[in-house]
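Quick notes on the structure that follows.
The values are calculated or read from the model by the stated rules, or taken from the named source; none is laboratory data. Not measured: the values here are computed from a predicted model. All Cβ positions, even for glycine, are placed from backbone atoms using ideal geometry, and neighbour counts span all protein chains on display.
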Amino acid sequence: MRSRQLVLPRRLLLTSCLQFVINAQQPASDKIFDTAAFEKFLQDKIKVDGRVGNLGDTVVIQQAGEGKVEIIAHNELSGRYLKYLTKKFLKKQQLRDWLRVVSTSRGVYELKFFNVVNDDADDDED
């Protein structure tokens, strides 16, 4: 009698590690963005297997320097989902009118101020 071997799917054998960085150094240095509150928000809101607060060991969220938040996921996590949650946090803090989320490279998102151009020259002509 032969013993049966358990054959795991290939996707379970290959453990991928996704790393994302959200860089908010510029707004944090201006004291309008609280990175600790943002880190707490992400820990409360990120869904794993369809449930909020189910991070466990699969998702690690930590501050990486001044104004940077690093997310390391050992399961499938979308960068677009992190961008969505960042926008949601900005809206909640009423910062969405001044800040935007820009992808500077793969897995790196940066919070930048909107470029506001004053139309003082047009107002003076009237």
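Computed quantities for the displayed model
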item: Residues that are among the charged types (D, E, K, R), over 12 Å from Ile22 (Cβ atoms) and in a helix (DSSP H, G or I), drawn from region 38-89; result: Lys40, Asp44, Lys45, Arg80, Lys88
item: Some residue of region 30-37 being under 17 Å from Lys91 (Cα atoms), touching a residue at least 60 places away in the same chain (Cβ under 8 Å), out of contact with any Phe, Trp or Tyr (no Cβ under 9 Å at 6 or more places or on another chain) and not in a helix (DSSP H, G or I); result: yes
item: Extreme residue, modelled with the highest pLDDT, among residues of region 7-29 that are in a loop (DSSP other than H, G, I, E, B) and exposed (fewer than 11 other Cβ atoms within 10 Å of the Cβ); result: Cys17
